[in-house]
1. Exactly one condition in (1) modelled with pLDDT of 95 or more; (2) within 13 Å of ARG119 (Cα to Cα) is not met by GLY54; state its number.
2. Applying the selection to the range 255-271, what residues are modelled with pLDDT of 55 or more and out of contact with any helix residue (DSSP H, G or I) (no Cβ under 7 Å at 6 or more places or on another chain)?
3. Out of curiosity, is GLY152 modelled with pLDDT of 90 or more, assigned to a loop (DSSP other than H, G, I, E, B), among the small types (Gly, Ala, Ser) and within 19 Å of ILE90 (Cβ to Cβ)?
4. Against the condition among the acidic types (Asp, Glu), in contact with a Pro (Cβ under 8 Å, 6 or more places away or on another chain) and either in contact (Cβ under 8 Å) with a residue 60 or more places away in the chain or surrounded by fewer than 24 Cβ atoms within 10 Å (Cβ to Cβ) (or both), how does ASP160 come out, does it pass?
5. Across the range 223-239, which residue is surrounded by the fewest Cβ atoms within 10 Å (Cβ to Cβ) among those that are at pLDDT below 85 and of a type in the set (Gly, Ala, Ser)?
6. Looking at GLY183, GLY115, which is the one that is within 30 Å of ILE207 (Cα to Cα) and in the same structural domain as LEU257 (by TED's automatic domain parsing)?
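The values are calculated or read from the model by the stated rules, or taken from the named source; none is laboratory data. Note that the coordinates shown come from a computational prediction; the quantities given were computed from them, not determined experimentally. For neighbour counting, all protein chains shown are included, and Cβ atoms are generated from backbone atoms with ideal geometry for every residue, glycine included.
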Amino acid sequence: MGQGTLVVKCGGSTMDALPDGFFADLVALRHSGITPVVVHGGGPAISTLLKRLGIEPAFVNGMRVTDEATLEVVEMVLAGAINKQLVRRIWRAGGRALGLSGSDGALLEAQPMTGPLGRVATVKRVNVALLHQVAAMGYIPVIAPVGMDETGQAYNINADTAAGAVARALAAVRVVLVTDVPGIWVEEGGVRRVLDVVDSAAAEALIARGVITGGMIPKVRAALDALAAATEVLIVDGREPNVLKRAAAGEPVGTRLVRHTATTSAGKGGDEGRDAV
């Protein structure tokens, strides 16, 4: 895989809004020789089902507290409904996809986290051989971020963490975070701009200065986490036409996060923008 691998992370809040063309792009990339690997979330659907079951969702620093009852729901929603929905949409777009949870074939070996989150883990190891075999058979891997440790205990894994681990294991150059916004935007003088290129230092400075605020902060944090694994991370709006093709071709789309630019101070080389719609 490596240079020809594109890791695509689909946020749980965006999947229902993704158009058919998004999945057609995935299939077209596969036919062009690029290997897309999809990692997906599902937070809103998990919270909805928990509430229907009388379980109040709980979070610490944006991470879901996962007790045994919550873990059952997490696994049911991620590895079940959402994973198979994505597989079906790829199939309807003319592609072949294989849905996997991180527990299948020990795809994502879990490293339990300490603290108050319960059954939550990071990724200790990715079964790269399994992903290579799936891709060699012509399938697009679609991964639900539920893993297990060496004893077979299941764990909830943050989807951004899982995407970053998969990218690192596959030596993927590029990770695309598919969201419902056109990129990192800032507002100055009443004008909203989408930043074209931001390096990690500039992104941190923009957060510290209060230029990046609200719901944009967790999106940027997720991108910075993934940047530890890939050369660049793109935050894109999945509803934009041909967004994946353009991202894979290196065309300007969304916001591109890189580790370093020629000038790393916020407001200079790492803070170039265009007017946002």
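1. (2)
2. Hits for the range 255-271 are THR255, ARG256, VAL258, HIS260, THR261, ALA262.
3. So GLY152 fails the test.
4. No.
5. The qualifying residue surrounded by the fewest Cβ atoms within 10 Å (Cβ to Cβ) is ALA228.
6. After ruling out the rest, the residue left standing is GLY183.
Per-residue answers, yes or no, for (1) under 18 Å from the mean Cα position of the chain (by Cα); (2) under 23 Å from LEU170 (Cα atoms):
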{"site": "ASP20", "(1), (2)": "no, no"}
{"site": "ARG30", "(1), (2)": "no, yes"}
{"site": "GLY33", "(1), (2)": "no, yes"}
{"site": "VAL39", "(1), (2)": "yes, yes"}
{"site": "GLY43", "(1), (2)": "yes, no"}
{"site": "LEU49", "(1), (2)": "no, no"}
{"site": "GLU56", "(1), (2)": "no, no"}
{"site": "ARG64", "(1), (2)": "yes, no"}
{"site": "LEU71", "(1), (2)": "no, no"}
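Let's see how each residue does on (1) at pLDDT 95 or above; (2) surrounded by fewer than 21 Cβ atoms within 10 Å (Cβ to Cβ); (3) not in a strand (DSSP E or B):
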| residue | (1), (2), (3) |
| --- | --- |
| THR114 | no, yes, yes |
| ALA121 | yes, no, no |
| LEU130 | yes, yes, yes |
| PRO141 | yes, no, no |
| ARG168 | no, yes, yes |
| VAL175 | no, no, no |
